[in-house]
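Beneath this line is the structure, given in structure tokens, with notes to follow.
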Amino acid sequence: MKLSTASMMIVALVVSPLTIASTVVNTSISAEELKAAQDAWGKALIQISSANDKGGQKQATETAKQVLDQAYGYKHGAVLFKPTLTSGEQTFRTTYDGALAYFVGGNSKFPNDSGFALKGWTDYKYENAAVYMNGDLVLTTGKVHLTGKDGKVTTVDKTWGFKKDDEGKLRIVLHHSSLPYSSN
């Protein structure tokens, strides 16, 4: 197939901006980035539990602050967080302080929080039932299995929303967790 001079010029005009661009920005989230973020969340939960065992609530709180700063999007706006063991007026934790209280307790504004991350978790696994990927946003839903020091496994239903921020880091902007329904 021979291209006319006019056709080649049109192709050159269309392709040229792409080939000479000095910077290419791709905010799409890859499957590998999603896996790394989900793996990191579980490791972080275990780190908070371990910090509590080694240095008490103060050390666990410092670790939890680092986790919130690295994994969640609270610095960028509200996070839609519905923790597993919350109810009433404090069910939703759209603020940093509310999330921190849920994970480590110790906040008089959240008197019912004893620290979900302080329960001595030693292992974590997740099973995604479905994943929706759309550019810089990924939504997942599935099961999370947490193992305690006694070997007992607790399973929760989990929905996460991850958004890639301006620095290229995945941030949790949606976190919904609940115990599976039981008809008993």
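The values are calculated or read from the model by the stated rules, or taken from the named source; none is laboratory data. All figures in this text were calculated on a predicted structure; none of them were measured in a lab. Note that each Cβ is placed from the backbone with ideal geometry, even for glycine, and that neighbours are counted across all protein chains shown.
Points to keep in mind about this one:
- Top-ranked residue of the range 88-108 - restricted to ones that are in contact with a helix residue (DSSP H, G or I) (Cβ under 6 Å, 6 or more places away or on another chain) and not in a helix (DSSP H, G or I), ranked as nearest to TYR74 (Cα to Cα): ARG93
- Condition broken by GLN38, with the remaining ones in (1) in contact with a helix residue (DSSP H, G or I) (Cβ under 8 Å, 6 or more places away or on another chain); (2) surrounded by 13 or more Cβ atoms within 10 Å (Cβ to Cβ) satisfied: (1)
- The C-beta contact set for the range 165-176 (first residue without any contact (Cβ under 8 Å) to a residue 40 or more places away in the chain and of a type outside the set (A, V, I, L, M, F, W, C), second residue surrounded by 14 or more Cβ atoms within 10 Å (Cβ to Cβ) and part of a strand (DSSP E or B), distance under 6 angstrom, 6+ apart or interchain) is empty.
- Picking from residues in the range 61-89 that are of a type in the set (Gly, Ala, Ser) and over 19 Å from the mean Cα position of the chain (by Cα), the one that is farthest from VAL156 (Cα to Cα) is GLY88.
The rows are residues; the columns are (1) at positive phi; (2) touching a Gly at 6+ places or on another chain (Cβ under 9 Å).
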residue: GLN59; (1), (2): no, no
residue: LYS65; (1), (2): no, no
residue: GLY77; (1), (2): yes, no
residue: ASP97; (1), (2): no, no
residue: TYR102; (1), (2): no, yes
residue: ALA130; (1), (2): no, yes
residue: GLY135; (1), (2): yes, no
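- Residues that are farther than 15 Å from LYS119 by Cβ and either assigned to a loop (DSSP other than H, G, I, E, B) or basic (Lys, Arg) (or both) within the range 38-87 comprise LYS43, LYS54, LYS58, LYS65, GLY73, LYS75, GLY77, ALA78, VAL79, LYS82, SER87, listed in sequence order.
- Just so you know, in the range 115-140 the residues that are of a type in the set (Asp, Glu) and in a strand (DSSP E or B) include one that is farthest from GLY73 (Cα to Cα), and it is ASP123.
- Of all the listed residues (GLY151, GLY142, GLY120, GLY106), the sole one being surrounded by fewer than 14 Cβ atoms within 10 Å (Cβ to Cβ) and either under 16 Å from the mean Cα position of the chain (by Cα) or small (Gly, Ala, Ser) (or both) is GLY151.
- Residues satisfying the stated conditions in the range 62-103, i.e. among the charged types (D, E, K, R) and either more than 23 Å from LEU34 (Cβ to Cβ) or surrounded by 15 or more Cβ atoms within 10 Å (Cβ to Cβ) (or both): GLU62, LYS65, LYS82, GLU89, ARG93, ASP97
- Among the candidates LYS143, LYS163, the residue that is closer than 23 Å to ASP69 by Cβ, at pLDDT 95 or above and part of a strand (DSSP E or B) is uniquely LYS163.
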